[in-house]
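Before any comments, here is the structure.
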Amino acid sequence: NGEVIKSPDTKIDTQAMKVSFDGNLISYVEMEYYMLHKPAGVLSATMDKKAETVVDLIKEKNRKDLFPVGRLDKDTEGLLLITNDGALAHELLSPKKHVDKLYFATVLGTMTQHEVKAFQDGLQIHEDFKALPAKLLIDQTYTSEGNAYSDVYVTIQEGKFHQIKKMFEAVGSEVTYLKRLSMGPLQLDEHLQIGDYRKLTEDELSALKQYCKH
Ligand code: URA
């Protein structure tokens, strides 16, 4: 606001004050939202001494407090929301909200209507964990190098540790490739190359916020 400030603990009202440095107006970014197409081999964490993390991949970030909303396994690809909006993350991850997460998976074996029904009924993963009903859609089944495989789409409303992998283990199969395609109303942008990211659009952000209200 035209006043020269030298004290580092000066409090700024970001709504009412204009702040410039060396004559350049500075804008304050409170919240950032990125869609990342997570590659395999990268950790879903904020920091790690040895391994590259999903937050390391966001090169042009303004904020240092970004984190991934939920975790994908190191070998899983696909949609990951990276933000510093803790309230939105909390809503999206809340088990009570039953947010749909859609995955594409390649699994060993030939999936049939038997597995579709087992997913639908809710799989018993451990003695003390029965999964909520999940939707299994069989895209194609085929044989490669003597092994039977199925390409499938799975929608779950939970996000327990290794959930999709455990669900397939529970029906005697094994996931060989896993990619998340959507989370609630947010869909992976198919133009986003593996490892690339972009800011959420206004429409995507308002759809997410609207979705979380319900
Ligand atoms: N389920 C899994 O098993 N792994 C993931 O990364 C996500 C869901």
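The values are calculated or read from the model by the stated rules, or taken from the named source; none is laboratory data. From a predicted model like this one, the values you see are computed outputs, not experimental measurements. Cβ sites come from the backbone with ideal geometry, for glycine too, and all protein chains shown count toward neighbours. Accessible surface is based on the protein model in full, side chains and every heavy atom, while ligands, DNA and RNA are left aside. Shrake-Rupley method; radii C 1.70, N 1.55, O 1.52, S 1.80 Å.
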Problem set entry | Selection status of S173, hydroxyl-bearing (S, T, Y) and more than 16 Å from the ligand (Cβ to nearest atom) | no
Exercise. With (1) part of a loop (DSSP other than H, G, I, E, B); (2) at pLDDT 95 or above as the list, and H37 as the residue in question, which single condition is left unmet?
Worked result: (1)
Exercise. Which members of the range 20-39 meet the condition of being in contact (Cβ under 8 Å) with a residue 40 or more places away in the chain and either aliphatic (A, V, I, L, M) or in contact with a Pro (Cβ under 9 Å, 6 or more places away or on another chain) (or both)?
Worked result: M31, M35, L36, K38
Exercise. Quick one: how many residues across the range 96-142 are more than 24 Å from D189 (Cα to Cα) and open to solvent by 40 Å² or more (accessible area, probe 1.4 Å)?
Worked result: 18
Exercise. Out of (1) within 13 Å of the ligand (Cβ to nearest atom); (2) buried (at least 16 other Cβ atoms within 10 Å of the Cβ), the odd one out for F161 is which?
Worked result: (2)
For this session: For the range 178-205, enumerate the residues that are closer than 26 Å to Y149 by Cα, aliphatic (A, V, I, L, M) and away from the ligand (no atom under 16 Å from the Cβ).
Result: none
For this session: Take the range 68-95 and flag every residue that is buried (at least 19 other Cβ atoms within 10 Å of the Cβ) and within 16 Å of the ligand (Cβ to nearest atom).
Result: P68, V69, L72, T76, E77, G78, L79, L80, L81, I82, L92
Seminar exercise, completed: Residues in the range 159-210 that are touching a residue at least 60 places away in the same chain (Cβ under 8 Å), touching a Pro at 6+ places or on another chain (Cβ under 7 Å) and assigned to a helix (DSSP H, G or I) total 1
